[in-house]
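These notes are about the structure you will find just below.
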Amino acid sequence: MNAKSHPIQVVNEWHRIAESIKQQINDSAIKFEIKAHKHFGLKITYKEFRKIYFEISDYEVVQGFMNKMKVLYVVEQVPEDKFTPIDQSLQEARNLHDYEVTSAFKEWIDLIKSFIRLDSIDFTSLFFLEDDELFLQNEPNRYFEENNILDHCLKSLSVSNFQGIKRATIENLPVDTHWVFLVGENGFGKSTVLQSILLGLHGSKDGPYDFDQEENSRIRVEYKSHEDNLINDFRTNPSPLTHIAAYGPVRLNMQSNSSISEISEKQGTLYSLFRTDGDLLNVEFELVKWALKGDKRFQLVRTAFCRLVPYLADIQLNKDTDRIEYIEKDVFNENARYEPLTFEKIASGFRSIVGIAGDMIIRLSNTQKDILDPSDLTGIVIIDELDLHWHPKLQKQIPELFSEVFPKIQFIVSTHSPIPLLGAPKNSTILKVTRTKEEGITIQKVDVDLKTLTPNLLLTSGIFDMDNIFSSQIEELTEVRTEDTFEEMEKNEAIDEFLKEFESSNEQFPDELFEPKTNG
């Protein structure tokens, strides 16, 4: 602090405050980090848990009794007491006299000392969670384009003590966000975040199962439903979202015909995201019924599948076997058709699309009985590891294809690949999931403009954090190709080869190449 830039009373009092704080820190033998503010004040952070701090950030000189001037210091501290959660501690700064500052610091440091008698401790469990109405509050809707606002979409998430999440939030997502991408390394908690979102929207009970796994877990979400903003708690479940579907990484198993008449326990809304042996609802059973009845939903769903699956030319009912068959077209000649195949025999990537899309259509149609066209269905769909089973070319197309066929649905997905982000629609949101021993699983929004980025830039950006993207076989960096496309590299190699051949020959460049051009 520059003493010349502050009143003498402030300088003298600040000297006493600083000495008192210094002495208390020395006496405590606790590891703190102290940083001075550029203008005035300081921030003292507990090194083992950096959300715990004591800060003096400013002062105000006011007129007191008998016109005597006094100084009030702006003080913030976390925790405020042992009953207030860390993220809610001291929402407003306090203005304190110099003796009150030192007294408040003593109380704060005594509070910290009472919590660190053990070698390690989970600070998130030390503070009382506030009443339900304070845990998450309705926020005004944010959006970029009013004509793209969704009927149903996630706005906020607040979760604590759930699996590896000590305390994490997603705050006030725009209500025209059609795609939310979760990125992060393996084991960082993307699946856990998706599970917490699903529990918050749906509730923990699903058929015979209750996915309320931990007694002190707390999950609440705010979501938009038509004109209302609703808050739902995963235990009390006052406002569950009914228009919802979710899929884990294993999503190639369609319900067998032999169990069609039974409601399988493995087909619940939550089951697939929490277990690996879930079954998809059998859309083929519905397609057969619609085809035999002449129901126009057969043609609508057929059209949807042909738009979703590249190189799928047609879907038909084989009346001899009562099975749905898929007819693919040639990659290089769209007019050429292959032999019809059953679901089990088509490529796994295409099965994945048909399986998910079919399950979505059935599941969301069951709660929207008056809707026949899949493009009119609304709701939220959660998909873990979106990029599984798909070639990079298809990974890029998937967000666009699903948005085209299901324009009123919000997709919340995780991915390990940068390729789906290349196909992300405008106004998509990227959430990065990280994990540390100190803070557990955390979520932060990544502000990156996707429309101008290549895969190389995505991989080395803050989204994927790769140090480099060079082959491990490279010995010299000068060997790395820097062209934007493989085609450009091939052209450059052809030019290089031509120049080498020309150099080794006896041919000379024509003299006219070096003569200046003249007009006329």
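None of the figures in this text is laboratory data; all of them are computed from the coordinates on show. Being a predicted model, the structure only gives us computed values, none of them experimental. As a convention, Cβ positions derive from the backbone with ideal geometry for all residues, glycine included, and neighbour counts pool all protein chains shown.
Highest first, please rank the peptides 493-502, 35-44, 186-195, 409-418 by the mean number of other Cβ atoms sitting within 10 Å of their residues. Let's see the in-between values first.
Numbers: 493-502: 10.3, 35-44: 14.2, 186-195: 20.0, 409-418: 22.6.
Per-residue Cβ counts within 10 Å, averaged per peptide and sorted highest first, yield 409-418, 186-195, 35-44, 493-502.
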task: Specify the angular offset, from 0 to 90 degrees and rounded to the nearest 10, of the alpha carbon long axis of helix 297-308 from the longest principal axis of the alpha carbons in the chain.
output: 70 degrees
field: Simple label model, 7 Å out from Cα along Cβ direction - D314 to E487, nm
entry: 3.3 nm
- prompt: Given H placed 1.01 Å from N in the peptide plane, which residues other than close sequence neighbours of N172 have an amide H under 5 Å from its amide H?
  reply: S156, L157
Net charge over other residues, Cβ less than 12 angstrom from the Cβ of K289 (K, R count +1; D, E count -1): -2
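I'd like the per residue volume of the convex hull spanned by the Cα atoms of the stretch 289-401, given in cubic angstrom. Let's see the in-between values first.
Details: hull volume 13.5 nm³, N = 113.
Measuring per residue, one finds 119 Å³ for the Cα hull of the stretch 289-401.
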- line: Once amide hydrogens are built 1.01 Å from N within the peptide plane, the residues lying 5 or more places from Y59 or on another chain with amide H under 5 Å from its amide H are V74
query: Taking the stretch 247-352, which trypsin sites (Lys or Arg not before Pro) meet the DSSP loop condition and have no more than 10 other C-beta atoms within 10 Å?
result: K319
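Starting from the coordinates of the alpha-carbon atoms of the chain, obtain the Kirkwood hydrodynamic radius over all distinct pairs and give the value in Å to one decimal. Intermediate results must be reported in sequence, preceding the final value.
Values: mean 1/r = 0.0360 Å⁻¹.
About 27.8 Å, per the Kirkwood formula over Cα pairs.
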- prompt: Cα axis of helix 348-366 to longest principal axis of the chain: angle in degrees, 0 to 90, nearest 10?
  reply: 70 degrees
query: Using Cα pairs under 8 angstrom and six or more residues apart, how large is the relative contact order of the chain, in percent?
result: 13 percent
- prompt: On a 0 to 90 degree scale, rounded to 10, what angle separates helix 283-293 from the longest Cα axis of the chain?
  reply: 50 degrees
- prompt: Running Debye on the stretch 287-329 with equal point scatterers at the Cα sites and no solvent, what base-10 log of I(q)/I(0) appears at q = 0.17, 0.30, 0.34, 0.35 Å⁻¹?
  reply: -0.43, -1.06, -1.17, -1.19
- request: First measure r as the distance between the Cβ atoms of L111 and E503, then evaluate 1/(1 + (r/R0)^6) with R0 = 60 Å and state the FRET efficiency to the nearest 0.05.
  value: 0.15
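For the pairs K31/K166; K329/K451; K190/K266; K51/K205; K70/K106; K296/K408, flag any whose C-alpha to C-alpha distance is greater than 26 Å.
Table pairs above 26 Å Cα-Cα are K329/K451; K51/K205.
Please tell me the relative contact order of the stretch 326-416 in percent, rounded to the nearest whole number, where contacts are Cα pairs under 8 Å and at least six residues apart.
Values: 86 pairs, mean separation 22.6, N = 91.
The normalised contact order for the stretch 326-416 reaches 25 percent.
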query: Where both partners of a DSSP beta bridge lie in the chain, what percent of those bridges are antiparallel, to the nearest 5?
result: 75 percent
field: Under Karplus coefficients 6.51, -1.76 and 1.60, residue-wise ³J(HN,Hα) of the stretch 18-30 in Hz, glycine/proline x
entry: 4, 5, 5, 5, 4, 5, 5, 5, 4, 5, 6, 6, 9
query: In Å, what is the Rg of the alpha-carbon atoms in the stretch 223-351, and how long is Dmax?
result: 18.1, 56
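Set the Förster radius R0 to 41 Å, insert the Cβ-Cβ distance between D322 and Q88 as r into 1/(1 + (r/R0)^6), and round the FRET efficiency to 0.05. If you can, show how the numbers build up before the last one.
Details: r = 60 Å, r/R0 = 1.47.
So the FRET efficiency works out to roughly 0.10.
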- prompt: Across the stretch 429-440, in residue order, what do the Karplus-derived ³J(HN,Hα) couplings come to in whole Hz, using 6.51 cos²θ - 1.76 cosθ + 1.60 with θ = phi - 60° and x for Gly and Pro?
  reply: 10, 10, 10, 9, 9, 10, 8, 9, 5, 6, 10, x
